[in-house]
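Participant: One structure, as structure tokens, below. Some questions next.
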Amino acid sequence: MAYYDKIAGKWHSTTGYRGGALKDLVLNNLIIDKVPSVAGRSILEVGAGNGYFLPLLLSRFSGQVPAKIVVSDASGALLKIAQRSFHLKGAEYRIIDLRRPMPFDDGSFDLVLSIMVFNEIPDRPLKCALSECRRVMSDDGLLLVASLHPDFVNSLARRKLLRPRENGALTMPGSGDLRLPVVQRSLRRYEDLLEGSGLQFTSEAVYATEEVLHAKPALRQIGKVPLACVFTCSRVRTAWLRNRSGLGRSRATPAAPSRNRRPPGVSQS
Ligand SMILES: C[S@@+](CC[C@H](N)C(=O)[O-])C[C@H]1O[C@@H](n2cnc3c(N)ncnc32)[C@H](O)[C@@H]1O
């Protein structure tokens, strides 16, 4: 049974309709801003959790119709919640464990999304996940990855907030009283894994804004540490990536100020 099957209900009730404070106030818009269009595009989200993100993305592009949408996660319980709470007409909901090859043809997707998933997957399965993401992307496709920033995970370790599980893996404190799986790896290791999978990428560090710190005062204790990193990846060196500095290596830029919009018809729980 996937770990998240056990905590699915609680995960949904604590992260709600916009994924929690950091995502709501910073990360969701930062990721959505990187998507040029969804019209006629095939979209795959891996590790989609309760499925809150794609409705937000689609509401930004209201009027545009994607060719295909696949919402996936290793947890069947979370996928059921996604279908019930964030149902997207015409979308496929599929149990996909990133530790194994994905059931899609090469080049099937123009946009692949992975939000706060890879920081839970150890190196070996992550290599499989990344090479599969690359394989299922179209030549001009985009892979957007948000992960916990290694500096943030290290700050938790320094404060002795990481705990070992029975299987030797680590957990960290999550929303509410949840504990979530986490892997400690350096930014350099993320970059090596992305490069090793043949992906071109840029990366940026994401910091808490004042609004986030107001919503989550405990984050003030860690000081000026980036909370997340976002990797914008493609199979080939696109003009879009070529025009940005730091190709293939990290670039630390504070996140742009957020725009706190709710999707139509969906209220914050
Ligand atoms: C921290 S949650 C993030 C969920 C969602 N993306 C969000 O941002 O709210 C991590 C998600 O990754 C999924 N996950 C963890 N390991 C996975 C794997 N090997 N394959 C697919 N999904 C996985 C979990 O089931 C969970 O839904």
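Read-outs throughout are calculated quantities, based only on the coordinates presented, and are distinct from any laboratory measurement. Predicted model only: the values in this text are computed from it and were never measured. Neighbour counts are summed over all protein chains in view; Cβ atoms, including those assigned to glycine, are modelled from backbone coordinates with ideal geometry.
Participant: By its C-alpha gyration tensor, with a ≥ b ≥ c as the square roots of the eigenvalues, how is the chain shaped: rounded for a/c under 1.5, else prolate for a/b larger than b/c, else oblate?
Facilitator: rounded
Participant: Per DSSP helix of 4 or more residues, -39500 (n - 2.57); summed, then divided by the residues of the chain. What does that give at 222 nm, rounded to the nearest 500?
Facilitator: Value at 222 nm, helices only: -8000 deg cm²/dmol.
Participant: For residue 154, put the label point 7 Å out on the Cα→Cβ axis and report which residues of the stretch 180-195 keep their amide N under 17 Å from it.
Facilitator: 183-193
Participant: Starting from the Cα of residue 127, step 7 Å along the direction of its Cβ; do the same at residue 236; then give the gap between the two resulting points in nm.
Facilitator: 2.7
Participant: Say the dipole of the chain comes from +1 at the beta carbon of Lys and Arg and -1 at that of Asp and Glu; which of 93, 225, 2 then lies farthest toward its positive end?
Facilitator: Ranked along the dipole, the leading option is 225.
Participant: Hey, another quick one. With labels modelled as points extended 7 Å from the Cα through the Cβ direction, what inter-label distance (nm, one decimal) is found for residue 67 paired with residue 33?
Facilitator: 2.9
Participant: A further question follows. Build a GNM of the chain with springs between Cα atoms under 10 Å: which of 60, 165, 41 gets the top mean-square fluctuation?
Facilitator: Greatest mean-square fluctuation among the candidates belongs to 165.
Participant: So for the pair residue 184, residue 80, with labels modelled 7 Å out along Cα→Cβ, what separation do we get in nm?
Facilitator: The modelled label-to-label distance comes out at 3.6 nm.
Participant: Contact order normalised by length for the chain, with contacts defined as Cα pairs under 8 Å and 6 or more residues apart; what percent is it?
Facilitator: 21
Participant: OK, next. Given a Förster distance of 30 Å, report the FRET efficiency between residue 2 and residue 192 from their Cβ-Cβ distance, rounded to the nearest 0.05.
Facilitator: E between residue 2 and residue 192, to the nearest 0.05, is 0.65.
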